[in-house]
1. Indicate the gyration tensor shape class of segment 62-110 (rounded, prolate or oblate), computed on the Cα atoms with a ≥ b ≥ c the square roots of the eigenvalues: a/c under 1.5 is rounded; otherwise a/b larger than b/c is prolate and the rest oblate.
2. What does the highest-first list of 124-133, 26-35 look like by mean Cβ count within 10 Å?
3. Run a plain Debye calculation on segment 99-146 (Cα atoms as equal point scatterers, no solvent) and give log10 I(q)/I(0) at q = 0.25 Å⁻¹, rounded to two decimals, same order as the q list.
4. Roughly how many debye, to the nearest 20, is the charge dipole of segment 1-158 about its Cα centre, given +1 on each Lys and Arg Cβ, -1 on each Asp and Glu Cβ, and no other charges?
5. In terms of the Cα gyration tensor, with a ≥ b ≥ c the square roots of its eigenvalues, is segment 67-165 rounded because a/c is under 1.5, prolate because a/b exceeds b/c, or oblate?
6. Could you work out the relative contact order of segment 88-164? I mean the mean sequence separation of Cα pairs under 8 Å and 6+ apart, divided by the number of residues, in percent.
7. Full extension from residue 199 to residue 84: what is 0.36 nm times the residue separation minus their Cα-Cα distance, to one decimal in nm?
8. Classify segment 3-42 as rounded, prolate or oblate from the Cα gyration tensor: take a ≥ b ≥ c as the square roots of its eigenvalues, call it rounded if a/c is under 1.5, otherwise prolate when a/b beats b/c and oblate if not.
Amino acid sequence: MTRGRLAVILIIAILLIDQFIKIWVKTHMELHESIRVTDWFYISFIENNGMAYGMQIGSKLLLSLFRIVAIGVLGYYIWLQARLKDVRWGYIVCLSMILAGAVGNLIDCLFYGLCFDASTVGHVSQYVGFGNGYESFLFGRVVDMFYFPLIVTTYPEWVPFWGGQEFIFFSPVFNFADSSISVGVVALLLFYRKEISRISFIIGGRTKEKGVRTKDEGGRTNEEGGRMKEEGVRTKGDAE
């Protein structure tokens, strides 16, 4: 199996799992409904307009467009890396996990608003046909469901500002695509720092190479100018 084929298979597998979970949750649970699995694991259905783990940065349209550009750049980079023989397989796996997670959340933004009616408290969303959904293209909401309140306690009364309030670790609600991105990023930072540093080295090297070429071309231009000047002198001497 080639690295490129591995990347394609992994991306498709992650997308299928991610979309299956999201569609099941969206079409079987009300908004904010929660299913207790254990004391520290719940399936809690929420939706968000932002990035991984419910973060929101900027407008929805700009975020969706940024995702499309970032996915295109990352996909092209993976294609380049998969063609190299000295690239480690795990590096391709990590990059593919990040790309698959990004695509998974982008699918929600692109198509869920077009295909499903709105999920609300007291109403379970259903497929209503393409173009008849709750939002327009690029404005769909991302489905999140995994909730891990590993520690639930209360701040001591003497703690400033938060004394007596509830403390929950880990409170973000996320989805399978988010976890794929997180695992891929953490693995890159732990095991593939050399490959990451090579990215900046290549970019810097190409910039430096362009500068050298420009300087060299400038030198050639000056040399050609000198030759033309010398030929002009010779022509003048011949005329005399």
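What follows is calculated from the coordinates using simple rules that are stated; it is not laboratory data. What you are looking at is a predicted structure, and each value in this text was computed from that prediction instead of being measured. Here the Cβ positions follow ideal geometry from the backbone for every residue, glycine too, while neighbour counts run over all protein chains shown.
1. Prolate, since a/c reaches 1.5 and a/b exceeds b/c.
2. Answer by packing, highest mean first, reads 26-35, 124-133.
3. -0.89
4. My answer is approximately 860 debye.
5. Oblate, because a/c is 1.5 or more while a/b does not exceed b/c.
6. Normalised by residue count, the contact order of segment 88-164 is 25 percent.
7. Stretched out fully, the residue 199 to residue 84 stretch lengthens by 40.0 nm.
8. Because a/c hits 1.5 or more and a/b fails to exceed b/c, segment 3-42 counts as oblate.
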